[in-house]
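The values are calculated or read from the model by the stated rules, or taken from the named source; none is laboratory data. Every value quoted in this text rests on a predicted model; they were computed, and no experiment measured them. Heads up, the Cβs are rebuilt from the backbone with ideal geometry, glycines too, and the neighbour counts pull from every protein chain shown. SASA here: full protein model, heavy atoms, side chains in, ligands and nucleic acids out. Shrake-Rupley method; radii C 1.70, N 1.55, O 1.52, S 1.80 Å.
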Amino acid sequence: FLSLFVDIGTNAGGTPEIVDDDVEGMLHPVGVDGIPVLAQHINIMMRNATLRKKMGLNASQKVQKYYMKEKMYENLSNVFSG
């Protein structure tokens with residue numbers, strides 16, 4: 001299992017809890033102030049295959065470490081037992 005994905009998302013809600021900025025993806029401010037930053041991030045990702053691959057691999061590793069079904073079951077079991 002190796003899925004390469006990169007997140008470009010807002011720096012709000014649960015996104016910053018899941019995506020480390022400039023590690024697994026790029027975060028921008030919410031609202032009108034975030035529009036130019038979002039455009040810049042899209043441009044950077046479109047032009048930089050090496051960065052996309054690096055962030056994609058980081059994201060895949062994080063998903064495997066924290067969010068795969070077995071890990072989620074383990075975490076849930078720990079909540080109920082402890």
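Give me the one-decimal nm value for the distance between modelled label points at Val79 and Lys53, 7 Å along each residue's Cα-to-Cβ direction.
Roughly 3.8 nm, to one decimal.
Kindly write out, for the range 26-35 in residue order, the coupling ³J(HN,Hα) from the Karplus curve 6.51 cos²θ - 1.76 cosθ + 1.60 (θ = phi - 60°), rounded to whole Hz, with x marking Gly and Pro.
With coefficients 6.51, -1.76 and 1.60, one gets 10, 10, 10, x, 6, x, 4, 5, x, 4 Hz.
Using a 1.4 angstrom probe with every protein chain in place, what is the largest-first accessible-area order of Glu74, Glu24?
So, going from the largest accessible area down, we get Glu74, Glu24.
What FRET efficiency, computed as 1/(1 + (r/R0)^6) with R0 = 22 Å and r the Cβ-Cβ distance, is obtained for Val37 and Glu17, rounded to the nearest 0.05?
Efficiency computed from Cβ-Cβ geometry: 0.70.
Report Lys65's accessible area, 1.4 Å probe, all protein chains in place, as a number in Å² to the nearest 10.
Taking all protein chains as shown, Lys65 has close to 120 Å².
Sort Leu76, Leu27 by heavy-atom solvent-accessible area, probe 1.4 angstrom, most to least.
Leu76, Leu27
If you filter the range 35-75 for chymotrypsin sites (Phe, Trp or Tyr not before Pro), then keep DSSP loop positions with at most 14 other Cβ within 10 Å, what is left?
Those that pass, being in a loop and sparsely packed, number zero.
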